[in-house]
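Presented below is the structure to which this report refers.
The values are calculated or read from the model by the stated rules, or taken from the named source; none is laboratory data. Bear in mind the structure is a predicted one, so any value in this text is a computation, not a measurement. When we count neighbours, we look across all protein chains shown, and the Cβ atoms used for this are built from the backbone with ideal geometry, even at glycine. Accessible surface is based on the protein model in full, side chains and every heavy atom, while ligands, DNA and RNA are left aside. Shrake-Rupley method; radii C 1.70, N 1.55, O 1.52, S 1.80 Å.
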Amino acid sequence: MKVAAKFKADTSKRWLTQDYRPLELEQQVRQFWEKNKVREKLEQMKLAENKGLLGFVEGPPTLNGVPHVGHARGRVMKDVRYRWKSMQGFYVPFWAGWDCQGLPVELEVERQLNVRNKRDLLEKVGEERFVAECKKTVMQYHKEWFDADEKLGVFMNHAKAYWTYLDEYIEREWQYLKRAWEQGLLGEGYYIVAYCPHCQTSLSNAEVGLGYEEVEDPSLYFKLKVKDAEDEYFLVWTTMPFTLVTDLMLAVHPDADYAKVRVGRETWTMVKQRVEPLMQELKVKDWKVVDVVLGKTLEGVKYEYPFLDMVLKQRELDQHPAVHTVVTEDFVDVTTATGVVHLAPGNGEDDFKVAQRRGVPVYAPFDDEVKFTEDAGGFAGLFARDADPVVVDLLRKKSLLVSEKAVTHEYPLCWRSHHKLVWLARREYFLWTDKLNSRVVEAAEKVHYFFESPKNRFLSFLREGKPWCVSRERVWGAPLPVWVCQNCGNKELVASKRELLERADASPPPDFELHKPWVDRLVLKCRGCGGSMKREPFVLDTWHNSGASPYARFTDKEFKTFVPVDFLTEGIDQTRGWANTLLLEYVILTGGAEPPYKAFLFQGLAQDAKGRKMSKSLGNMLEANTVLQNHSADVFRFYTLWKCSPVDAINFDLQELSRRPYQVLGTLYHLHRFLLQNAQYDHFDPKQHTLKWARKNKVLKPADRWLLSKLQQAVGAYTAKLETCEFNFAAEELETFVVDTVSREYVPMVRRDLWSDDSETLNRRLAVYATLCQTLKTVVLLFNPFTPFLCEFLYQNVYRVLNNTLPESVNLENWPAVDDALRNLELEQDFATLQRAVALTFSARQAAQLKRRWPLQKVVLVAPKNHQKSLRSLEDLFLELANVKSVRYFDKLRVPHTDSEVRRWKATSDGDLRVLLDTRRDSSLLGEGLMRDLARRVQALRKELGFMPTEVLEVVYLAGLDEEMFGLLEPFLGEMAGLVRAGEVRLVRDRSEVTAQWREFSFDGKRVSAAITQ
Ligand SMILES: [Zn+2]
Ligand SMILES: [Zn+2]
């Protein structure tokens, strides 16, 4: 073929660098978005288009730390949904939100201020300065989160962010409490709560579930003596000896058999089914069951409380008829320990309920630091858990201790400070959510969860339906808006800042805000008696703050429009957190059995490469900003979505980023480079050279129609996987389509068509560009939610270069729809057969050690008629891809007869397809093969020297070939010139014949050299 030297490529149009360099390109795109306000334009455009809206409310990150890769993964999923739904035409209020108050922030500030505990905090720092420090910390961490969003390319509207600590948010949050108050669902109660001695506050049930860990505790068996009976005892087991101080009763199961066991001179009572294993465990050899009674007959038996001498208050309580007696209760577990449990109503929920039912007074002699008060007599001043060894010692001295050892078990620690929690009876404010449990569960059942396991986990947690302790004895939080009259005890909930200020006895200071200490300085006048009302000193559980967001972050009108929101996604731990509080609060607010969200995707946790949980203590935490400093945001995004299902825990391995995910995106990049270089060379104009134009000019080939058909399949399957949140399978669809279908399969089918620059075949080339342009642009739109930087870059530097009438940004494009007219299942079937046949010739070549570049004379295909029909219709393509000169078809295999026939034909088969490859090569085939080998070397050299594929070289010189090669190669030099895009290829005997920059390479064991002149 003739190459005209005038076609020199325009080097000023080197838009796409030779390599895919994501970090550089992403920086350019960030600047492009910023400068052209693309995010803002997208939001305004969707609002103006008014094609439908989907509500969204941000699950606010707590601003007490920096985002790690797990957070980044979650934000990517939100962004994927946002970009995708926007391209589908929906308006989504993708507005940020920040959780600013509560224990997590307080503890972070305590750490920064080097404060040991709450008392220290109040004495040394004071509330006013503490609040200021909390705000400062929140703003510091906000910067980290904002930066991470910028780096990741999360298109969230930060200007519209809500901040849970602002007065206007708090006031709207209070509306939930007001509704609860009116319905009798909010109130004060004396109840058992989990309490953190370090943080000095109670925690909610949901918070308790966040922090179970393996800890060591004492495990002891001890005896309690039956009153007025010689040597008779109950055998009891506990892991919390300090609760013996607050012990008030023993409980047995009414319907279980209890045995009286003679051990030495003594008789021990325990559940019958546990006698043998227990005696073994306690190493008691001589024992005998002397009597068996039913549990209910033990009701009312009085026992001797062991520390009556030390605890005056216990002596007083002992007068109560139920105190220090045996009660019968169904909850007693008779399969473990002794089947006799001691009850400390001040320290256990079941115990507390038993006491309430029997009118036993609450006895919880603890101060705020969980130290015993004067009411605990000789134990006063001791921290509860420090009393454990003291109690054990006392039991030993009184000969009541039977055995003592240590046990390792799962025990709840404070989710923030990691201290062992203690259960205490305290005066708190509760949302009596147990009363609405059926409505809450009904609402939760209406939500779509995408995957079964998190759904089941969430629903089973909700069914527990315990009251929600919402009061916290802390500082930095939304205040509980309940005022109490100091005179008549009248209580009022005032949920409006204006009303508060109006009713206050003094005008507020100018810096007044709805926080401690300022809000506590408001004294209201009692409407009943005119007395002074003071605020209950509590702040609210921080989970109540974020749970209020659907109402608190919007205006009334927005709330009506956007809630229930369309889709939320957060970590799996939010089953006990935000997903739960959102639901509870919404049911309280609306009174109905409706959820505030239609769909909730729970994400799996982020772990390190070895599958260990990421934690500060292990030092394996990957901070998002650090990772994104050195790694491409697109590759990171693609990796997190592609690696595993969103519900699974992801094992983050940064090494993996540069492997397959980088390759996939690199392939997409290089396909565009290939398209752009060729298309510009031929002055392809997508507005003119459309598929319609190609069809009219009859220049579309089966390969193009096949690619367009496969594209429709990919669009359909990918979109369906997005709908079901199977992001990993969606990514796989695109991966396969780009790497296999387009790059590995289609491009080789059209490479030869593109190679010529003959004006007579120009239309064919333009048809290929039209096909590739349509296909790749669609792929870019599909990829955009996953890898928005690369897609914007390609959109600007390929599609907008080829067609300046396109929208300003890829984000302003519409989501691709499946075009059924382009789908052709029959053609796809034909191509599947073709690819099988080509693959068979390749494996036959491999077996015969014949390179794919070497042309061969003949192939025989043995196949059923329908396959033959497919293959005949694509014969040109088959010959080209298989690199053979001719093909023959047979229904049945003719078995080779002679030895030379067996040697000549290499056979391979796959199911009903069989291929026989003629391996014989004459001098012409050898020469052509040699030429192709050398052409490949020259191509590599061109690339190395930085020539564009479209650039035409003047002369290519080759030196170092032997006489035989000379002879074989001679007839193919013209063809070679075409292949390497040179005016001419010349063979020289010696390098000295030509003055040029020679490059030497080894070829078939010889030193061969090549030089290029331009
Ligand atoms: Zn704590
Ligand atoms: Zn009053």
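Within the shell defined by Cβ-Cβ distances under 15 Å, the residues around GLU594 carry a net charge of +1, with Lys and Arg each +1 and Asp and Glu each -1.
Working ranking of peptides 670-677, 827-834, 286-293, 509-516 by packing, defined as the average number of other Cβ atoms within 10 Å per residue, highest first, is 670-677, 827-834, 509-516, 286-293.
Neighbours of TYR363, meaning other residues whose beta-carbon lies under 9 angstrom from its beta-carbon, give a summed charge of 0 when Lys and Arg score +1 and Asp and Glu score -1.
Span-like helix check, the chain: qualifying full DSSP H segments, with Cα axial length of 24 Å or more and mean Kyte-Doolittle of -1.0 or more, are 69-87, 660-681, 702-723, 762-783, 825-848, 923-944. Note: relative contact order over the chain, using C-alpha pairs below 8 Å and six or more positions apart, is 13 percent. Coupling constants for region 530-544 follow from the phi torsions by the Karplus curve (6.51 cos²θ - 1.76 cosθ + 1.60, θ = phi - 60°), and in residue order they are x, x, 8, 9, 10, 6, 4, x, 7, 10, 8, 3, 4, 5, 6 Hz; glycine and proline get x.
For the pair THR690 and GLU49, label points projected 7 Å from Cα toward Cβ lie 2.0 nm apart. Which of rounded, prolate, oblate describes region 653-783, given a ≥ b ≥ c as roots of the alpha-carbon gyration tensor eigenvalues and a/c under 1.5 marking rounded, otherwise prolate only if a/b is larger than b/c? Taking the square roots of the gyration eigenvalues as a ≥ b ≥ c, region 653-783 is prolate.
With all projection directions averaged, the alpha carbon convex hull of region 457-517 covers 6.9 nm².
For region 878-1006, dividing the convex hull volume of the Cα atoms by the residue count gives 158 Å³ per residue.
Surface composition of region 638-742: carbon and sulfur atoms hold 49% of the protein heavy-atom accessible area at a 1.4 Å probe. Probing with 1.4 Å while keeping every protein chain in the model, the per residue accessible area of the chain equals 42 Å². Placing pseudo-labels 7 Å out from each Cα toward the beta carbon at CYS644 and LEU762 gives an inter-label distance of 5.6 nm. Per residue, the convex hull around the alpha carbon atoms of the chain comes to 254 Å³. Within the straight-line cut-off of under 19 Å between alpha carbons, the aspartates and glutamates reachable from LYS124 are GLU106, GLU108, GLU110, GLU133, ASP368, GLU369, GLU473, sequence neighbours fewer than 8 places apart in one chain being disregarded.
Shape of region 64-180 from the C-alpha gyration tensor: oblate (a/c of 1.5 or more and a/b not above b/c, with a ≥ b ≥ c the square roots of its eigenvalues). Across all Cα atoms of region 814-965, the radius of gyration (one decimal) and Dmax (whole number) stand at 19.7, 64 Å. For region 665-710, dividing the convex hull volume of the Cα atoms by the residue count gives 95 Å³ per residue. Packing, as the average of other Cβ atoms within 10 Å across residues, places the peptides 690-698, 848-856 in the order 848-856, 690-698, highest first.
For region 770-916, with all protein chains in place and a probe radius of 1.4 Å, 48% of the accessible heavy-atom surface sits on carbon or sulfur. Look at where the Cα atoms of region 903-957 and of region 760-798 average out, and the two centres are 29 Å apart. In terms of packing, defined here as the mean over residues of other Cβ atoms within 10 angstrom, the peptides 924-936, 355-367 line up highest first as 924-936, 355-367.
Per atom type, region 276-328 shows carbon and sulfur on 52% of its accessible surface, probed at 1.4 Å. In terms of overall dimensions, the C-alpha atoms belonging to region 245-327 reach 39, 27, 19 Å along their principal axes, ordered largest to smallest.
Considering only GLY187, TRP145, LEU121, the residue lying farthest towards the positive end of the dipole of region 120-256 is TRP145, judged by Cα position with unit charges set on Cβ. Considering every alpha-carbon pair of region 192-280, the percent of pairs per 5 Å bin, from zero through the bin containing the longest distance, is 3, 9, 16, 18, 16, 13, 9, 9, 6, 2. Each Lys and Arg Cβ is given +1 and each Asp and Glu Cβ -1; about its Cα centre, the chain then shows a dipole of about 3520 debye.
The tail of the calculated P(r) for region 713-844 beyond 17 Å holds 68 percent of all Cα-Cα pairs. Give the residues of region 232-271 whose amide nitrogen is closer than 17 Å to a point set 7 Å from the Cα of LYS283 in the direction of its Cβ. Those under the cut-off are 264.
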